[in-house]
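This report concerns only the one structure given below.
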Amino acid sequence: MAERMLQFTKVSRAMPQKRSAKERAADFREIYGEFSPDAAQAQASRCSQCGVPFCQQGCPLQNNIPDWLKLAAEGRLEEAWRVSSATNNMPEICGRICPQDRLCEGICTIEQSGHGTVTIGSVEKYITDTAWAEGWIQPIKPPRERSQSAGIIGAGPGGLAAAEQLRRKGYQVTVYDAYDRGGGLLIYGIPGFKLEKDVVERRIRHLEASGVAFRFNTRVGSDVSLGDLRSAHDTVLIATGVYAAKDLKCPGSGSEGVLPALDYLTASNKVSLGDKVEAYESGALNAEGKRVVVIGGGDTAMDCVRTAIRQGAKSVTCLYRRDRANMPGSQREVQNAEEEGVVFEWLANPEAIIDTKGGKVKAVRASRMKLGEPDASGRQSPVKTGETFDVKADMVIKALGFDPEDLPALFNEPSLTVNRWGAVRVDYATMETSLPGVYAAGDIVRGASLVVWAIKDGRDAAEAMHKAMRAAEQAAKVAAE
Ligand SMILES: Cc1cc2nc3c(=O)[nH]c(=O)nc-3n(C[C@H](O)[C@H](O)[C@H](O)COP(=O)(O)OP(=O)(O)OC[C@H]3O[C@@H](n4cnc5c(N)ncnc54)[C@H](O)[C@@H]3O)c2cc1C
Ligand code: SF4
């Protein structure tokens with residue numbers, strides 16, 4: 001092992017080839033290429049095989065990273081994929097879009113010693129992309145079919161991870177989703193330049209081929225009730241994500257041309273998928289030729305600014321009220337956006353949307369901020385300096401985050417307990433909600449979070465659902481004896 005691993009003093013950290021900013025701004029394809037087999041092996045060999053692997057602690061799924069890095073370094077890719085996929089239902093997706101700098105790679109030991117972190121995410125993506133290409137990923141054939149069934153509300157990463165885990169154990173699984181496609185925010189939120197659409201669609205096809213049934217265009221709460229699903233299935237999972245967009249509270253925020261981020265991104269993603277979107281064609285949700293201002297500093301804001309660049313915006317400016325070091329979005333994505341021509345106005349808070357006589361947006365007035373005392377979360381609060389400035393705009397995109405929708409009202413289930421932010425309360429040991437036999441996972445439990453956390457929750461919920469259904473099956477057997 002020693003010869004093949006611990007190469008970090010000899011081999012420098014390298015990411016897969018990144019396309020030039022000019023080239024990538026012209027399309028919605030992913031910006032990073034794939035490692036060559038030699039490069040993947042060399043990068044994996046940089047791992048120091050720590051006795052206590054901090055990277056594993058930094059990964060919400062507790063992925064067995066040093067083991068699959070070692071197998072990849074030895075060219076034993078099928079074994080590497082088996083280890084990697086044992087703890088993660090979509091490693092090629094996490095490898096692409098996890099903010100690794102804040103998770104596994106952020107606490108990599110060799111990074112701490114100044115050698116540059118192992119490129120864990122890129123090797124993870126390489127291993128599973130290879131597994132798909134080699135045909136190692138085949139439809140699931142459970143050891144035995146069970147008659148019990150699970151109903152899953154939401155085909156985002158939380159729901160899909162749970163569906164796969166339950167199907168592996170032989171349960172009959174039906175996923176209900178309000179959208180016309182599976183993937184949740186993987187398909188309609190996150191743009192193709194971070195995660196190409198066919199990578200997500202391949203996972204849905206895999207689950208379909210494995211016997212998971214999908215009921216698209218089915219909104220629970222209106223097309224079918226939660227009560228119907230509880231009657232039809234032995235257990236139910238709520239994995240509906242969070243979709244109530246936080247609004248801009250300033251004069252003029254209702255002007256024409258001020259848009260919610262998800263409407264804008266969903267339209268763009270639908271166009272990438274080949275759909276005809278009227279609001280895009282009319283120009284209402286198309287940034288082409290416009291001066292675009294995006295308000296916010298998270299992943300959604302970064303996806304909006306980079307989408308606007310690709311649509312051919314005349315200029316793109318991002319306003320964020322704190323500074324670069326204190327923004328919630330990934331630093332890697334800010335760098336990518338800057339390379340592509342986005343201008344960042346740090347420490348800038350919108351004060352008013354200025355519109356024309358006809359009510360169309362023409363500028364955003366912003367206050368220049370400075371960082372003051374830390375708030376309860378420990379982050380320094382932005383305070384006004386008294387200086388204001390205007391940024392001309394034809395389109396303003398609000399990317400201020402999301403809250404849970406009012407699920408007890410939407411589902412007409414007042415006894416579904418939520419916390420004061422509206423997130424569904426669960427018993428964290430089982431992910432069960434206040435309704436017996438109904439579990440919850442992902443953003444609807446945590447608030448807006450990450451794909452990898454939704455996968456973890458989906459897996460944990462599936463395990464608890466399995467235990468409950470197995471116990472019920474055994475109890476029925478005893479009663480019948
Ligand atoms: C623009 C954007 C970019 C992001 N970028 C990243 C990133 O780079 N990396 C990262 O890790 N995370 C990112 N995230 C966060 C990540 O996408 C979410 O944390 C994750 O998708 C949550 O998964 P989920 O399964 O809980 O919910 P979702 O992915 O939101 O899926 C929920 C599904 O439930 C369905 N649904 C909702 N209500 C109903 C109903 N009543 N009936 C039927 N179906 C319903 C929805 O249609 C949807 O398909 C991003 C989020 C956004 C908005
Ligand atoms: S799932 Fe995400 S956090 Fe875990 S090893 Fe992969 S990239 Fe890192």
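The values are calculated or read from the model by the stated rules, or taken from the named source; none is laboratory data. None of the values given here were measured: they were computed from a predicted structure. We place every Cβ from the backbone using ideal geometry, glycine too, and count neighbours over all the protein chains shown. Each accessible area value is taken on the protein alone, full model and side chains, heavy atoms only, with ligands, DNA and RNA left out. Shrake-Rupley method; radii C 1.70, N 1.55, O 1.52, S 1.80 Å.
So here's what we get for this one:
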quantity: Positions within region 410-460 being of a type in the set (S, T, N, Q) and surrounded by 19 or more Cβ atoms within 10 Å (Cβ to Cβ), in sequence order; calculated: Thr433
quantity: Positions within region 360-406 being polar (S, T, N, Q) and free of Cβ contacts under 8 Å to residues at least 12 places away in the same chain, in sequence order; calculated: Ser377, Ser381
quantity: Exclusive hit being at positive phi, touching a residue at least 12 places away in the same chain (Cβ under 8 Å) and either in contact with a Phe, Trp or Tyr (Cβ under 6 Å, 6 or more places away or on another chain) or of a type outside the set (Asp, Glu) (or both), set Gly442, Gly458; calculated: Gly442
quantity: Residues that are free of Cβ contacts under 8 Å to residues at least 60 places away in the same chain and either part of a strand (DSSP E or B) or crowded, with 20+ Cβ neighbours inside 10 Å (or both), drawn from region 348-359; calculated: Ala348, Asn349
quantity: All positions within region 92-107 that are under 23 Å from Ile31 (Cβ atoms) and more than 13 Å from ligand 1 (Cβ to nearest atom); calculated: Glu92, Glu105, Gly106
quantity: Within region 114-126, tally of residues that are touching a residue at least 60 places away in the same chain (Cβ under 8 Å) and more than 16 Å from ligand 1 (Cβ to nearest atom); calculated: 7
quantity: Any hit, region 369-380, residues being over 24 Å from the mean Cα position of the chain (by Cα), modelled with pLDDT of 95 or more and not assigned by TED's automatic domain parsing to the domain that holds Leu237; calculated: yes
quantity: Unmet criterion (only one of (1) outside the structural domain of Gln49 (by TED's automatic domain parsing); (2) touching a residue at least 60 places away in the same chain (Cβ under 8 Å); (3) of a type in the set (A, V, I, L, M, F, W, C)) for Ala178; calculated: (2)
quantity: Exclusive hit being touching a Leu at 6+ places or on another chain (Cβ under 8 Å), open to solvent by less than 30 Å² (accessible area, probe 1.4 Å) and free of Cβ contacts under 8 Å to residues at least 12 places away in the same chain, set Val294, Val277; calculated: Val277
quantity: Contacts under 6 angstrom Cβ, first residue in region 20-36 being of a type in the set (Phe, Trp, Tyr), partner open to solvent by 40 Å² or more (accessible area, probe 1.4 Å) and part of a helix (DSSP H, G or I), 6 or more apart; calculated: Phe28/Ser272
quantity: Some residue of region 458-480 being in contact with a strand residue (DSSP E or B) (Cβ under 8 Å, 6 or more places away or on another chain) and within 16 Å of ligand 2 (Cβ to nearest atom); calculated: yes
quantity: Failed item, numbered, when Gly386 is tested on (1) touching a Gly at 6+ places or on another chain (Cβ under 7 Å); (2) assigned to a strand (DSSP E or B); (3) not basic (Lys, Arg); calculated: (1)
quantity: Breaking point among (1) in a helix (DSSP H, G or I); (2) assigned by TED's automatic domain parsing to the domain that holds Lys467, for Ala279; calculated: (2)
quantity: Any helices (runs of 4 or more DSSP H) falling wholly within region 8-124 and containing at least 2 residues that are away from ligand 2 (no atom under 16 Å from the Cβ); calculated: 21-24, 37-44, 77-87
quantity: Any hit, region 470-481, residues being open to solvent by less than 60 Å² (accessible area, probe 1.4 Å), touching a residue at least 60 places away in the same chain (Cβ under 8 Å) and either outside any helix (DSSP H, G or I) or within 16 Å of ligand 1 (Cβ to nearest atom) (or both); calculated: no
quantity: Top-ranked residue of region 217-254 - restricted to ones that are among the hydroxyl-bearing types (Ser, Thr, Tyr) and surrounded by fewer than 19 Cβ atoms within 10 Å (Cβ to Cβ), ranked as nearest to ligand 2 (Cβ to nearest atom); calculated: Tyr243
quantity: Single unsatisfied condition, Ser84 versus (1) in contact with a Ser or Thr (Cβ under 9 Å, 6 or more places away or on another chain); (2) surrounded by fewer than 22 Cβ atoms within 10 Å (Cβ to Cβ); calculated: (2)
quantity: Qualifying positions in region 31-60 - open to solvent by 20 Å² or more (accessible area, probe 1.4 Å) and either within 16 Å of ligand 1 (Cβ to nearest atom) or of a type in the set (S, T, N, Q) (or both); calculated: Tyr32, Ser36, Gln41, Ser48, Gln49, Gln56, Gln57
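Conditions tested, residue by residue: (1) at positive phi; (2) in contact with a helix residue (DSSP H, G or I) (Cβ under 6 Å, 6 or more places away or on another chain); (3) of a type in the set (D, E, K, R).
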{"residue": "Arg82", "(1), (2), (3)": "no, no, yes"}
{"residue": "Thr87", "(1), (2), (3)": "no, no, no"}
{"residue": "Ile93", "(1), (2), (3)": "no, no, no"}
{"residue": "Cys98", "(1), (2), (3)": "no, yes, no"}
{"residue": "Arg102", "(1), (2), (3)": "no, no, yes"}
{"residue": "Ser122", "(1), (2), (3)": "no, no, no"}
{"residue": "Thr130", "(1), (2), (3)": "no, yes, no"}
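Yes or no, residue by residue, for (1) assigned to a loop (DSSP other than H, G, I, E, B); (2) under 24 Å from the mean Cα position of the chain (by Cα); (3) of a type in the set (Val, Ile, Thr):
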{"site": "Arg144", "(1), (2), (3)": "yes, no, no"}
{"site": "Ala155", "(1), (2), (3)": "yes, yes, no"}
{"site": "Gln165", "(1), (2), (3)": "no, yes, no"}
{"site": "Val173", "(1), (2), (3)": "no, yes, yes"}
